[in-house]
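Heads up: the structure comes next, in structure tokens.
The values are calculated or read from the model by the stated rules, or taken from the named source; none is laboratory data. No experiment lies behind these values; they were computed from the predicted model shown. In this analysis, Cβ positions are derived from the backbone assuming ideal geometry, glycine residues included, and neighbour counts consider all displayed protein chains.
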Amino acid sequence: MPECDALRGIAILLVFVYHLAFIGVEAPPGSLPSLLYSFSRAGWIGVDLFFVLSGFLISGNLLDSIHLEPGAYYRRFFMRRMLRILPLYYLVLLAVSFILMLAKCKISLGFFLLSIVYLSNLAMIFGHQVAPSLGILGSLAIEEQFYLLWPLFLRFINRSFLLPILVAILIMQPAARALAVSVMDIRETVIYVSIWFRLDGLICGAMLALLIRSPFCTRQRFAALSVSLLACSIAVFLIAIPFGALDRRSAAGSAVQFFCAALFFGGLLGISLLVGSREHLRVTGIGPLFYIGRRSYCIYLIHVFAIQAYD
């Protein structure tokens, strides 16, 4: 979908600026690099936009092929995912790891081995040393683990129960993170790379994919839903600010930041689909954002390494 490619372009730009600005961490206060660093701290939400898009597109593909026999259903999905993702992933993992070794940079063998089987986020949780250039593999691992489990979930859950289950999971996510921070004293970095704490965006995208295929979904209802998601995300975040929503290390911040990002980007995706589906308003899939979005996976894999090599 051109609209999704344009949003991918926005997501990769947010993440790129977020990592690029780390060069300015030690710059003098008031300097351009220091100001860039200050204004770029919200760029991490680009990852959540990727999650919403992945949940929407992957769920849509699976729902459209749910009528196939089990063998064809799984084969069609996993073969497409493997051909699209694995070659470039392994090329970058091997090349960057080799270059880091030549440069005598510390790289954990445990992290490398777990990254081969898309468990780099678990490597981070277990405390394996992570080379900064490969730290972005943690979020990719969350997506790949979702891709592995989601086809089974959609195949075996009755369609009439699917939406209530997704809503329940979405509501439980912020509560689980708040409990993890306030009671279990789990660190922010562990929450950030744990799939069981980071389902908001993926589930929100999946819900949109399900709703847009519902016979009860009209253009007006979908527009109202998209605007409601945007409004709700802003309202919840503003209400939670006095309770610490700006600090992701707090219970309130950990609870609402990912949740509000998922709702906001879900609403943005819905509006983009509505705008892009009108022929005379097809402005969401053209220009530089579309070009960058089509190449976002490659850019995401190599951009931290490129930034640090330059630095």
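Data for the structure
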quantity: Every residue from the stretch 224-281 that is small (Gly, Ala, Ser) and within 21 Å of residue 8 (Cβ to Cβ); calculated: 226, 233, 261, 262, 266, 267, 270, 272, 276, 277
quantity: Residue tally, condition of a type outside the set (Phe, Trp, Tyr) and closer than 22 Å to residue 303 by Cβ, over the stretch 49-80; calculated: 5
quantity: Candidates 119, 102 - the one that is at pLDDT 90 or above and surrounded by fewer than 21 Cβ atoms within 10 Å (Cβ to Cβ); calculated: 119
quantity: Pairs with Cβ under 8 Å, 6+ apart, first in the stretch 300-311 and touching a residue at least 60 places away in the same chain (Cβ under 8 Å), second among the hydroxyl-bearing types (Ser, Thr, Tyr) and surrounded by 17 or more Cβ atoms within 10 Å (Cβ to Cβ); calculated: 301/89; 304/133; 305/133; 308/133
quantity: Only listed residue being surrounded by fewer than 16 Cβ atoms within 10 Å (Cβ to Cβ) and over 22 Å from residue 60 (Cα atoms), chosen from 187, 177, 155; calculated: 187
quantity: Positions within the stretch 258-311 being modelled with pLDDT under 90 and in contact with a Pro (Cβ under 8 Å, 6 or more places away or on another chain), in sequence order; calculated: 276, 282, 284, 285, 286, 290, 308
quantity: Residue selected from the stretch 87-99 under the condition without any contact (Cβ under 8 Å) to a residue 60 or more places away in the chain and either charged (D, E, K, R) or closer than 21 Å to residue 147 by Cβ (or both), by the criterion surrounded by the fewest Cβ atoms within 10 Å (Cβ to Cβ); calculated: 87
quantity: Residue within the stretch 124-138 that is closer than 14 Å to residue 47 by Cβ and hydroxyl-bearing (Ser, Thr, Tyr) present; calculated: no
quantity: Single residue of 170, 166 found to be crowded, with 21+ Cβ neighbours inside 10 Å, under 15 Å from residue 255 (Cβ atoms) and under 21 Å from the mean Cα position of the chain (by Cα); calculated: 170
quantity: Cross-chain or 6+ apart pairs with Cβ under 6 Å, the stretch 239-250 first and within 14 Å of residue 182 (Cβ to Cβ) and exposed (fewer than 14 other Cβ atoms within 10 Å of the Cβ), then modelled with pLDDT under 95 and among the acidic types (Asp, Glu); calculated: 249/188
quantity: Helices (runs of 4 or more DSSP H) (entirely within the stretch 1-70) containing at least 1 residues that are modelled with pLDDT of 90 or more, of a type in the set (Asp, Glu) and surrounded by fewer than 20 Cβ atoms within 10 Å (Cβ to Cβ); calculated: 45-64
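Matching residues to (1) touching a helix residue (DSSP H, G or I) at 6+ places or on another chain (Cβ under 6 Å); (2) over 24 Å from residue 159 (Cα atoms):
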residue	(1), (2)
68	no, no
83	no, yes
89	no, yes
96	yes, yes
99	no, yes
103	no, yes
107	yes, yes
